[in-house]
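Before I ask anything, let me first share the structure, which is written out below as structure tokens.
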């Protein structure tokens, strides 16, 4: 792994109450304070998403979707690690987060995936088995060494 660590932050950020967006911002802030992290890509802050108008005509929505997909795939391909926020209240696992973790782990099985979870929902066995490090402590995101990430497995109930 390189001396620089580019982190891709996967997680939901679509709820109207902005709880998911606030959580993603807290996670990104902690990661940016981590001395082993060089940069953090947060999809919700990418140009495609900050300028998105979801009331647009269907063809514009598809154009936005293609741009977002391509941007996220490009960033995943450049990432040295993925941090995935597991929380997606009331709906099970966030499809986008699951895709991002699976895509990254399939292409780069030796690069680390870290899962962060605030809630108490059951964890998806596919995601927890792809992860090298699982935590419910947001302060771990500021201190874990991404270049020499230890193994810290999920030990709870699975679905």
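Run the quick spin-label model on residue 143 and residue 45: label points 7 Å from Cα toward the beta carbon, then report their separation in nm to one decimal.
Inter-label distance under the simple model: 2.4 nm.
Using R₀ = 25 Å, calculate the FRET efficiency as 1/(1 + (r/R₀)^6) where r is the Cβ-Cβ separation of residue 69 and residue 15; round to 0.05.
0.75
Using only alpha carbons, build the gyration tensor for the chain and give me the equivalent ellipsoid semi-axes, biggest first, whole Å.
Semi-axes (√(5λ), whole Å): 24, 18, 15.
Can I ask one more? With angles folded into 0 to 90 degrees, how steeply does helix 58-78 sit against the dominant principal axis of the chain? Use alpha carbons for both and round to 10.
20 degrees
State, to one decimal in nm², a quarter of the convex hull surface area for the C-alpha atoms of the range 70-159, i.e. the direction-averaged projected area.
Seen from a random direction, the Cα hull of the range 70-159 projects 5.8 nm² on average.
Quick note: the coordinates plus some simple rules give every number you see, no bench work behind them. Quick caveat, the model's predicted, so the values are computed rather than measured. We place every Cβ from the backbone using ideal geometry, glycine too, and count neighbours over all the protein chains shown.
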